[in-house]
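Following: one structure in structure tokens, then a few remarks.
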Amino acid sequence: MSLPGTRVLERIREGRGFRLKRWDPTLPIWIGAALFVVFLMLLPVGSIFVTSLYNELGLTLRNYLEVFTEEAYLKAIWNTLVISFWVGVIAVLIGSLLAWLVTRTDLPWKRGIRALVMASFVTPPFLGAFAWTLLAGPNAGLLNNLYRSVSGAQEPLFNIFTMTGLIFVMALYSFPYVFSMIANVCELISSDLEDAANILGANKWKIALTITLPLTAPALFGGFILAFLHSLSLFGAPAILGLPAGLHTITTQIWAFFQYPPRMDLAAAFSIPLLLATMGLIALQKKLLGRRGYSTVGGRGGQKRLLSLGMFRVPVLLLVLGILSLSVFLPYGILLKAALAKAWALPLTWENFTLGNFAFAFFQYGDTQAAILNTFKLGILTATVGTIIAALIAYITNRQLLRGARYLTFFVLAPLVIPGIVLAVGLFIAYTRPPIILYGTVWILFVAYLTKEMPIGFSQTESTFKSIHPELEDATRIMGANRLQALKDITVPLARSGLIAAWSFIFIGVIRELSASILLFTPQSKVVSVVIFDLKEEGQIGAIAVLGILLLAVSFLVILGVQRIVGRDLFATKE
Amino acid sequence: MKKTFCLMLISLWISWTTVSSAQEIEAAKKEGKVIWYTSLALPSSTALAHLFMNKYKGIEVEVHRTGSQRVLQRVMQEASAGIKTVDVIHTSDAGHFVLLKEKGLLLKYVAKGGESFPAGFKDSDGFYYGMRATLSVIAYNPKLVSDKEAPKTWKELLDSKWRAKQVTAHPGYSGIIMTHVLALVKQYGWNYFQELAKNKLHIVQSANDPAGVVASGERPVGVNGAEYFYYKTLKQGNPIKILYPKEGVPLVVSPTAIAKDAPHPNAAKLFTEFILTKTAQQMLADNEGLYTGHPEVTYPNDKPKLKDLKLLAVDPDELEKRNAEIRKRFVEFFGA
């Protein structure tokens, strides 16, 4: 009697159960989710493309001509490329060094270091940039003043309002991407080849350079591209550090196109090269990482042994902590000081101490309460809806529920190549005119965040579903449950921790979002990041510090809470 | 007899004109809210809003503060998307109100409290009133720059000894700076700014921001900036000195108007009347260091009288016409 059952099972598994599918009452849900995702991606990109080809006279290429002949715009593109290149290089140096030390050596205090890397990852780059203006402003910056008082020099040690300063800060908040990538690879390389080299007489350092490094080379390139892309899409840091020095980047220039009278056509035309560049780079990265020519990487078999740092253990640890203090300790310290001081540049004495910044930020300034509420509402809503949709899509592609399901992956991951500000341009064009007017409400932000966070939600849930075998689901379905019931009763409980992780990643991504929000907010739909940016333009340092600390505190609480529920590190590689 | 009757009539007329009627207050209370897009510095606009809310309990003022040019951008973006949220619009770029009036985006409202304001503080057709005025001045940090070496004139700012020591705010953000740039361009031509840019200035956005930058010593000299905010920062005990150049000081009158499609028109009218009352205007003068159009307002003793200064006034129409040019050339010289 078990034979027919097995056959059904096989047909379901192989995706051949067409007859069954037609009767499946849950089919509209799968199709609906798929169509929704396709619509979510196509509308903004389509809008940008169409707008870039029109001006008041009709179909034209003049927008492109104008954008690519005007010297100021070309300069912005050039600045962006130079900055992103160096950010990529520095992020790879820091990220891979840290990843290698944490995974392949006997460096002490690894958990702490991972936690600090995660803190850098969670810190919104615009907040880091702001903190660094207080630390390394050429004349009033605390570090420069310290340097002058110690050395007696007249000149500052470091001017953060330069291209170098901008690269430095952006690299500090891009390296965690490289770190997680390299750490994953380093975990997987077995020590066999290194042992062989050892037997042939190579010393530790030679092994690291000639064996480990080449093995991780594709991942290094991949990490470079990831950091490059990340810095390409940043808006807050260049606006805070670049504009005061007269430096425009692509993102700040797109934002400037929105000033009155708005040049939506130019903004669109200017977005297209950014879009093409990111697409090209992602394709390149896929090619590099997809080429599994390094058979030793990706296997599970071999043993992994840790390199002993010997007498360098402590100095190396200090170096690592030094690097991380640049992205975590120093910025957090100055934010805390600025939040509690009347004058941030003076020592924090009892006379200089105040809680007035908190009172002003939370109670007197009308915008903040509404903004805080909006931010967390949007965070929770987007994370919840985003996790559900991402899970549905991941389930479809993983279990091959629809024909052409693998093309869905393309649509879900597409926002990866759309920088936030470009997405915002598209959404602004699409939703400020009939039939759907979302501009002026929080819903346009919701759509933006949902789109932007879809890739991270998808990749999280997708890897979770991959690890759950369909057998149990199949069993429930044979017992008469439909797919949705099976999903709800069996798969979701099993996937619980993966789903919670996806939720918290989306939540944290949303509450720190600036580059799309800056174009899409209206005074009725402000969020905290936008309020911080507004305050920055007026120089309200104390209030910014207070709100920044609030964002960080909430992010860390969410992470800690989730780690407690899930019982593992969110940011951990396989240990 | 006739004289006292006349006086009675006048005083009756004054009380009738300056105080909003019970009906008007009732209508405003029913709306319960007024949404204010303003470029007045955040602490000052919050203070004014609270003054209003204390007097008219039950009517909330939503303050949305950003730079003048951003306020205009918001208003225009929302108008083009058909969104009706703003009640009262206030920026420091008088040209904006020429534009908004021309586009039919303002509500005509002859404020009773505005009767006594001088000509430079009101639109002849009753669409807007100057809510406050300030100057764009030079300032320096006396801890870092001695009074003797401090620049006294606009031209002295061009000296290369100030290289990397100055800060400017941005006309693409601030209406005060927009006015400042036009006033000085009319005086010295664009050459002035081309020369100034060679000193590698630190560029901030708001006209209020240079005060903090000068006070902290990040850049010891401000080549422009809102005088009232410098004054406030100074009063808080920060090291700042303000200079009013003899060659002339740009005067910035910041208008206020009601939006044509204001969702709370009665509250907007009540708020407009309120901010033009002597109480409100005197508060702006006493606590915020602003000048006003109200003839009865008195000013702190340590502030110069406007009539003792040579003022550079600009024509709102010209400000409107040259807005794009000013932003473009500024970016051309200063880079962003």
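The values are calculated or read from the model by the stated rules, or taken from the named source; none is laboratory data. Model, not experiment: these values are computed from the prediction. Ideal geometry is used to build each Cβ from the backbone, glycine not excepted, and the neighbour counts take in all protein chains shown. With ligands, DNA and RNA removed, areas are computed over all heavy atoms of the protein, side chains included. Shrake-Rupley method; radii C 1.70, N 1.55, O 1.52, S 1.80 Å.
Data table
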{"quantity": "Single unsatisfied condition, residue A:390 versus (1) in contact with a Ser or Thr (Cβ under 7 Å, 6 or more places away or on another chain); (2) open to solvent by 10 Å² or more (accessible area, probe 1.4 Å); (3) more than 14 Å from chain B (Cβ to nearest Cβ)", "calculated": "(2)"}
{"quantity": "Qualifying residues in the range B:277-309 (those that are out of contact with any helix residue (DSSP H, G or I) (no Cβ under 9 Å at 6 or more places or on another chain) and part of a helix (DSSP H, G or I)) - the one surrounded by the most Cβ atoms within 10 Å (Cβ to Cβ)", "calculated": "B:285"}
{"quantity": "Condition check for residue A:117: over 24 Å from residue A:548 (Cα atoms) and either at pLDDT below 95 or open to solvent by less than 10 Å² (accessible area, probe 1.4 Å) (or both)", "calculated": "no"}
{"quantity": "Subset tally (residues that are open to solvent by 40 Å² or more (accessible area, probe 1.4 Å) and not in a helix (DSSP H, G or I)) for the range A:330-343", "calculated": "1"}
{"quantity": "Lone unmet requirement of (1) more than 21 Å from the chain's Cα centre (by Cα); (2) under 24 Å from residue A:520 (Cα atoms); (3) at pLDDT 85 or above for residue A:260", "calculated": "(3)"}
{"quantity": "Any hit, the range B:233-256, residues being in a strand (DSSP E or B) and within 11 Å of chain A (Cβ to nearest Cβ)", "calculated": "no"}
{"quantity": "Within the range B:99-122, tally of residues that are at pLDDT 95 or above and either of a type in the set (Asp, Glu) or farther than 29 Å from residue B:282 by Cβ (or both)", "calculated": "5"}
{"quantity": "Tally, over the range A:416-445, of residues that are assigned to a loop (DSSP other than H, G, I, E, B) and of a type outside the set (Val, Ile, Thr)", "calculated": "7"}
{"quantity": "Residue within the range A:102-110 that is open to solvent by 60 Å² or more (accessible area, probe 1.4 Å), in contact (Cβ under 8 Å) with a residue 24 or more places away in the chain and more than 29 Å from residue A:515 (Cβ to Cβ) present", "calculated": "yes"}
{"quantity": "The range B:254-268, subset surrounded by 23 or more Cβ atoms within 10 Å (Cβ to Cβ) and within 17 Å of residue B:113 (Cα to Cα), residue nearest to the chain's Cα centre (by Cα)", "calculated": "B:254"}
{"quantity": "Meets criteria (among the aliphatic types (A, V, I, L, M), in the same structural domain as residue A:113 (by TED's automatic domain parsing), within 19 Å of residue A:114 (Cβ to Cβ) and surrounded by 24 or more Cβ atoms within 10 Å (Cβ to Cβ)) for residue A:170", "calculated": "no"}
{"quantity": "Single match in B:229, B:274, B:193 (criterion: of a type in the set (Phe, Trp, Tyr) and either outside any helix (DSSP H, G or I) or buried (at least 24 other Cβ atoms within 10 Å of the Cβ) (or both))", "calculated": "B:229"}
{"quantity": "Residue A:529 vs. criteria crowded, with 24+ Cβ neighbours inside 10 Å, more than 21 Å from residue B:41 (Cβ to Cβ) and either touching a Cys at 6+ places or on another chain (Cβ under 6 Å) or more than 13 Å from chain B (Cβ to nearest Cβ) (or both)", "calculated": "yes"}
{"quantity": "Which listed residue, of A:135, A:127, is in a helix (DSSP H, G or I) and more than 14 Å from chain B (Cβ to nearest Cβ)", "calculated": "A:127"}
{"quantity": "Conditions (1) within 14 Å of chain A (Cβ to nearest Cβ); (2) in contact with a helix residue (DSSP H, G or I) (Cβ under 7 Å, 6 or more places away or on another chain): number failed by residue B:145", "calculated": "(2)"}
{"quantity": "Those strands (runs of 3 or more DSSP E) lying entirely in the range B:35-135 with at least 2 residues open to solvent by 10 Å² or more (accessible area, probe 1.4 Å) and within 11 Å of chain A (Cβ to nearest Cβ)", "calculated": "B:60-65"}
{"quantity": "Selection status of residue B:183, surrounded by 21 or more Cβ atoms within 10 Å (Cβ to Cβ), away from every other protein chain (no Cβ under 14 Å) and part of a strand (DSSP E or B)", "calculated": "no"}
{"quantity": "Selected residue (only one of A:101, A:107, A:93 is over 24 Å from residue A:536 (Cβ atoms) and at pLDDT 95 or above)", "calculated": "A:93"}
{"quantity": "Pairs where the first residue, in the range B:311-336, is within 12 Å of chain A (Cβ to nearest Cβ) and the second is of a type in the set (A, V, I, L, M, F, W, C) and open to solvent by 40 Å² or more (accessible area, probe 1.4 Å), C-beta under 7 Å, 6+ apart", "calculated": "B:331/A:72"}
{"quantity": "Selected residue (only one of A:191, A:151, A:231 is open to solvent by less than 10 Å² (accessible area, probe 1.4 Å), over 30 Å from residue A:306 (Cβ atoms) and of a type outside the set (Lys, Arg))", "calculated": "A:231"}
{"quantity": "Pick from the range A:451-510, criterion of a type in the set (Val, Ile, Thr), over 26 Å from residue A:42 (Cα atoms) and under 22 Å from the mean Cα position of the chain (by Cα), ranking: least open to solvent (accessible area, probe 1.4 Å)", "calculated": "A:464"}
{"quantity": "Checklist (1) within 14 Å of another protein chain (Cβ to nearest Cβ); (2) within 29 Å of residue B:99 (Cβ to Cβ); (3) among the small types (Gly, Ala, Ser) applied to residue A:242, failing item", "calculated": "(2)"}
{"quantity": "Sole residue being loosely packed, with under 15 Cβ neighbours inside 10 Å, free of Cβ contacts under 8 Å to residues at least 40 places away in the same chain and within 11 Å of another protein chain (Cβ to nearest Cβ), chosen from A:319, A:346", "calculated": "A:346"}
{"quantity": "Whichever residue in the range B:190-232 is more than 14 Å from every other protein chain (Cβ to nearest Cβ) and among the hydroxyl-bearing types (Ser, Thr, Tyr) and, among such residues, is farthest from residue B:304 (Cα to Cα)", "calculated": "B:192"}
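Condition check ((1) of a type outside the set (Val, Ile, Thr); (2) on the phi < 0 side of the Ramachandran plot; (3) under 32 Å from the mean Cα position of the chain (by Cα); (4) not assigned by TED's automatic domain parsing to the domain that holds residue A:103) across all residues:
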residue	(1), (2), (3), (4)
A:315	yes, yes, yes, no
A:319	yes, yes, yes, no
A:349	no, yes, no, yes
A:366	yes, yes, yes, yes
A:370	yes, yes, yes, yes
A:377	yes, yes, yes, yes
